[in-house]
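Notes to accompany the following structure.
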Amino acid sequence: ARGKPTMTAATFFVLLASVSAVLCNPTTQQLLANDLNVLNYALALERLEAKFYADYLAGDTHQNDFANFGGGVTYNYIKMIGAHEAAHVTALQTTIAAYGGQTIPECTYNFRDSFDSVEQFLAVAQKLENTGVQAYLGAANTIFNKTLLTVAATITTVEARHAAFLQYVSGVNVPVYPFANYTLNQGRDGFDVPVGPAAIIAAVSETTFLVDCGAIPVPVALPITLNPAVPNPLQSALDANDVVTLNYALTLEHLEDKFYRTYMDAFTLDDFQNIGLRQYDFISFQLIRDHEKAHVDFLKG
């Protein structure tokens, strides 16, 4: 019988030295410093969102304003979103401190006419949440530490849910489908668009919400280059593991694709309307079906 593979300490350190030789600059300290810059960049955006909701919800003065947008149920979800943003701020501050970093100073804000009507509030909230999703996606490739990347990813998915909810609520009265990149001509691609830090900071600055603010860190993708003179003994294993990961994702996407195609190809608008749903809901589910197909096609290459 074949036994379990073993690796001596000496072999391990030979491999470790080989991998270290393959990687050229930057140093571990430089990588960590850049990762903390990414988290501070995210913190600046999360503080903006958290303050936006905190100011709007202060005193519960808007709780009766959502009669045409889902009523008290929607208002309570808005409060939940505000609590999420505050939790994101706390999590990022705690993580930065745990890795020996310093958090950047907090800005002061003026949201101007953002609270003049429910429609205006929802429009600004959607913009902030969608900007947050694009910002995290655009900075993901600048994070080296996988633990910190996971921290950012767990926030990104929640921001995307916020954005979808806010756009769905807005669609009660206007045809805004609950997907950030939806347009009437090209809305069925099923992929969010990453936006780089410089463009995000410029967009946030243009809102004029930041009244007194220091420099927001701009994350960069530090160059980790391979030395062609030194072969990487683990490269084939790393490539194979990446393929396994993509096939794992593809399995899940196949499941979703099959589910939506089976039922959405069978149901009609009348079926939806017979249980109290709208054409808006029917089209939204058709978009989800199309997204899942696009994900399968993309992963299969």
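The values are calculated or read from the model by the stated rules, or taken from the named source; none is laboratory data. Because the structure is predicted, anything quoted here is derived from the model rather than measured. The area values use the complete protein model at the heavy-atom level, side chains included, leaving out ligands, DNA and RNA. Shrake-Rupley method; radii C 1.70, N 1.55, O 1.52, S 1.80 Å.
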>> Between Asp65 and Ala199, what is 0.36 nm times their sequence separation minus the Cα-Cα distance? Round to one decimal in nm.
In response: 44.9 nm
> In the full protein assembly as shown, how much of Cys107 is accessible to a 1.4 Å probe, in Å² to the nearest 10?
Replying inline: 20
> Taking θ as phi - 60°, what are the ³J(HN,Hα) couplings along region 108-113 by the Karplus curve (6.51, -1.76, 1.60), each to the nearest whole Hz, with x for Gly and Pro?
Replying inline: 10, 10, 9, 8, 6, 8
> For region 23-158, with every protein chain kept in place, what is the accessible area per residue (1.4 Å probe, Å²)?
Replying inline: 46
>> Please list 3J(HN,Hα) in residue order for region 266-277, calculated via the Karplus relation 6.51 cos²θ - 1.76 cosθ + 1.60 where θ = phi - 60°; whole Hz, with x for glycine and proline.
In response: 9, 7, 10, 4, 4, 4, 5, 5, 5, 10, x, 8
